[in-house]
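Encoded as structure tokens, the structure appears first; notes follow it.
Quick note: the coordinates plus some simple rules give every number you see, no bench work behind them. Every value quoted in this text rests on a predicted model; they were computed, and no experiment measured them. In this analysis, Cβ positions are derived from the backbone assuming ideal geometry, glycine residues included, and neighbour counts consider all displayed protein chains.
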């Protein structure tokens, strides 16, 4: 009588084949996970850069749109905006000028002035204006003391943390003006001023001048062109080179090139910019 013997379990060959197949599957899944994580990190950092750029543009455009505002549109610019000497880091305001540059020794920035639109209007630091209006169009001549004067300044990070660069603002109406932070995350900032002929009646922008080269004698600032380089934390980029950073460095100053190149450390960058016309002194 024959007895059939059955073998149970896996042979060594079958086990090795199963392990080999499982290893390939695990490697594939691991690679998918790594790729997804890399993509997630990139998207999150770029989302932060884009959000910072949008907020910066919103703030800059909002305040530049206030520059030169007069509650009485028929009032002459020279009357509403008399000459003002250089002070608080701002270059001098010529008569009729609503914007001026920051002293280059103080860094990159600009200064603006305007009449508050409403009583107790808040400035960039949340302080209320001392001006109180009891009529829509004031009949009394405007006073230079009624003007709100603000200074905006870019402050690079003091170490190699590019993402800690800040946009600062202060009100020159305060007794002891001090800068306060408006936005953080700016690796670099460039400013150009659009100017025209010296005659305030001539409204056309004929050329753009870098902030460092502009002086009150250059002409009234009729528009501001700005470019922001936003940066993520270090170690977020896979490749050694960044085209965004390379293109930015091509037009950067020598000091900015050195600072940005030394502190790059595989960061993710985003460039944002715009040209904002100071509409209150234009047609």
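Below is a table of values for the structure above.
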| read-out | value |
| --- | --- |
| Normalised contact order of the chain, rounded percent, pairs of Cα under 8 Å and 6 or more residues apart | 18 |
| Whole-angstrom gap from region 52-68 to region 165-226, using each part's C-alpha centre | 12 |
| Overall form of region 93-169 per C-alpha gyration tensor (a/c, 1.5; a/b vs b/c) | oblate |
| Estimated D of region 156-227 in µm² per second, where Rh is the Kirkwood radius over Cα pairs and Stokes-Einstein applies at 4 °C, 1.567 mPa s | 90 |
| Packing-based exposure ordering (other Cβ within 10 Å, fewest first) of 186, 26, 281 | 26, 281, 186 |
| Sorted by Cβ density within 10 Å, fewest first, the residues 157, 83 | 83, 157 |
| Cα gyration tensor shape for region 170-279, rounded if a/c is under 1.5, else prolate or oblate | prolate |
| Overall Cα dimensions of region 229-277 - principal axes, largest extent first, Å | 39, 21, 16 |
| In Å, descending, principal axis extents of the Cα set of the chain | 127, 44, 36 |
| Residues residue 159 and residue 271, FRET efficiency given R0 of 25 Å [Cβ-Cβ distance, rounded to 0.05] | 0.65 |
| Two-site label geometry, residue 121 and residue 238: point separation in nm, points 7 Å out along Cα→Cβ | 5.0 |
| Top of 136, 67, 56 by mean-square fluctuation, Gaussian network on the chain, Cα under 10 Å | 136 |
| The chain: calculated mean residue ellipticity at 222 nm from DSSP helix runs of at least 4, using -39500 (n - 2.57) | -9000 deg cm²/dmol |
| Helix 12-66 axis, angle to the chain major axis (alpha carbon atoms, nearest 10°) | 0 |
| Shape category assigned to region 54-122 from the gyration tensor of Cα positions, a/c cut at 1.5 | oblate |
| Proxy reagent accessibility, fewest Cβ within 10 Å first, across 197, 243 | 243, 197 |
| Hull-based mean projected area of region 77-210, where the convex hull spans the alpha carbons, in square nanometres | 9.4 |
